[in-house]
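Structure, as structure tokens:
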Amino acid sequence: MFLAELFPYADIVYNVFLVLYFLTVLTVIIVVLSENRNPVKSMAWVLVLVLLPVVGLVIYLIFGRNLKGISLISRSHLRELRRMHNPPEYDHEAVAGLSEESQQLISLASKLSRPHLFVGNNIEVFTTGKEKFEALMRDLRAARQYIHVQYFIIEDDQTGSEFLSLLMEKAREGVQVKVLYDYVGSFYFKPRVLRRMREAGIDVHPFLKLTFTQFANRVNWRNHRKIVVIDGKIGYMGGMNMADRYVIGDKNWTPWRDTHLRINGEAVAALQYSFAIDWDFTTRELLTSTTMHDDTAPASRDYLVQMMTSGPTNRWNNISFIFLKAITLAKRCVYVQSPYFLPSDSLLKALQSAALAGVDVRLMIPRQSDSAMLRLATGSYYKECLLAGIKIYLYEPTIMHAKVVIVDDEFVTAGSTNFDFRSFEHNFEINALVYSKEFNEKMKRIFESDMEQCTRLLLSKWKQRPLRQKALESVVRLISPIL
């Protein structure tokens, strides 16, 4: 009675807001359907909007918006970077010596994002954070012109502190040091650390910094790339962030198992180009003071490399397309390492059809995960894989964080991309596409060595898991496309 006297039109206002809310939800559902997304993902969003009043709408506004076709930087800056990039023509004889399958992948990658094929490269593979960290620190100490750094996570721990201290030392020596870090991934980056970096002469910026007014526009779009470019001659990329968990371990795990690449040769230009695009997007500054590639003689003619970037603004899901094409072209084997396994329907069917056709398909993921929800979602796909003949190996010692796909005898892709929806559709990622029998053999040896520390999952054993776990997997599976 008191409220009715105080607000005589309360019922009318409530009904108006209720109608407006339902009209808004209906409009959003129409937008979701009109975008013609993956039907599974569209249905997941419709369920969220219908079953979670108010909350579902907020979740969609933050996580559901489509950015495809949006340009990150101005056309004039993009033209200038392409002009500066302008790598030499690749060796047609080298391409002619590749298999027809590799030539198809090269053609697809070129159409998706115009990545050049680089012939002169040496690649060193690191499978432990300690090896990678030591090599990177040696190369950083030898830097003379510039250091460009981009990481999803830079922790304020022992490893991160040593890394940043060296960068500050090099900046004081007169080396140009530029650092990009993901604002969400490195959320605990302390202001005092940033202040010290800037005082030392480091130009450091967060990628997509979250503010109150831009939270919904930015929180879901994260830069997951890990790139270091030193003097245009040496480049690092892969799955390792800059944190103790990769080098000395943490309170829960021994050092995480991951894969990272050190590249010496022409392909470093592509890493520099990717960094320059992200730097321009973040700072609106065109990087014109650094060379885009090294003019020295090729280090090796055995490793042919393309650098494939992917992100929510691309018209196509670039890296997902490469995975799909490589798997469908497979004749003998497909080996996959990933910390999470939440495939799109097309990728799952590609793996299943390959296995059913007699291709040796192996999936290696960690026994335990750093995310309980993602572990449950991953587990919901096991039965479908096992029934098709896909061999699943659970890595036992620690977190398996490597992101590698090996196909037949000539193709390998490694980088920052997980085998999941988020990496394929929401994150800014980068992978090296390597066409080389020698490199393929090297990566297979590493995979087979990792298998010695795995337990193979059998369908009969998997069926015995608790009913409660099965139920949770099924529930989480419903929202897996938007995790």
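The values are calculated or read from the model by the stated rules, or taken from the named source; none is laboratory data. Keep in mind the model is a prediction, meaning the values are calculated, not measured. As a convention, Cβ positions derive from the backbone with ideal geometry for all residues, glycine included, and neighbour counts pool all protein chains shown. For accessibility, only protein heavy atoms count, side chains too; no ligands or nucleic acids. Shrake-Rupley method; radii C 1.70, N 1.55, O 1.52, S 1.80 Å.
Okay, residues lined up against (1) within 25 Å of R222 (Cα to Cα); (2) part of a helix (DSSP H, G or I):
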{"residue": "L112", "(1), (2)": "yes, yes"}
{"residue": "P115", "(1), (2)": "yes, no"}
{"residue": "E124", "(1), (2)": "no, no"}
{"residue": "E134", "(1), (2)": "no, yes"}
{"residue": "D139", "(1), (2)": "no, yes"}
{"residue": "R144", "(1), (2)": "no, no"}
{"residue": "I147", "(1), (2)": "yes, no"}
{"residue": "Q150", "(1), (2)": "yes, no"}
{"residue": "F163", "(1), (2)": "yes, yes"}
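Please verify whether segment 163-174 includes one or more residues that are at pLDDT below 95 and either surrounded by fewer than 16 Cβ atoms within 10 Å (Cβ to Cβ) or in contact with a Ser or Thr (Cβ under 7 Å, 6 or more places away or on another chain) (or both).
No, every residue in segment 163-174 fails to be at pLDDT below 95 and either surrounded by fewer than 16 Cβ atoms within 10 Å (Cβ to Cβ) or in contact with a Ser or Thr (Cβ under 7 Å, 6 or more places away or on another chain) (or both).
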What is the residue count in segment 137-149 for residues that are crowded, with 16+ Cβ neighbours inside 10 Å, among the aliphatic types (A, V, I, L, M) and either at positive phi or touching a Leu at 6+ places or on another chain (Cβ under 9 Å) (or both)?
3
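Within segment 436-452, how many residues are in contact with an Asp or Glu (Cβ under 6 Å, 6 or more places away or on another chain) and either without any contact (Cβ under 8 Å) to a residue 60 or more places away in the chain or not in a helix (DSSP H, G or I) (or both)?
So the count comes out to 3.
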Among the residues of segment 389-402, count how many are open to solvent by less than 10 Å² (accessible area, probe 1.4 Å) and within 20 Å of A354 (Cα to Cα).
2
Condition check: surrounded by fewer than 23 Cβ atoms within 10 Å (Cβ to Cβ) and not hydroxyl-bearing (S, T, Y). Does E452 satisfy that?
yes
Can you find a residue that is closer than 24 Å to M451 by Cα, open to solvent by less than 10 Å² (accessible area, probe 1.4 Å) and either modelled with pLDDT of 90 or more or among the polar types (S, T, N, Q) (or both) anywhere in segment 261-276?
yes
Residue by residue through segment 350-365, note down the ones that are open to solvent by 10 Å² or more (accessible area, probe 1.4 Å) and farther than 24 Å from K437 by Cβ.
Q352, S353, L356
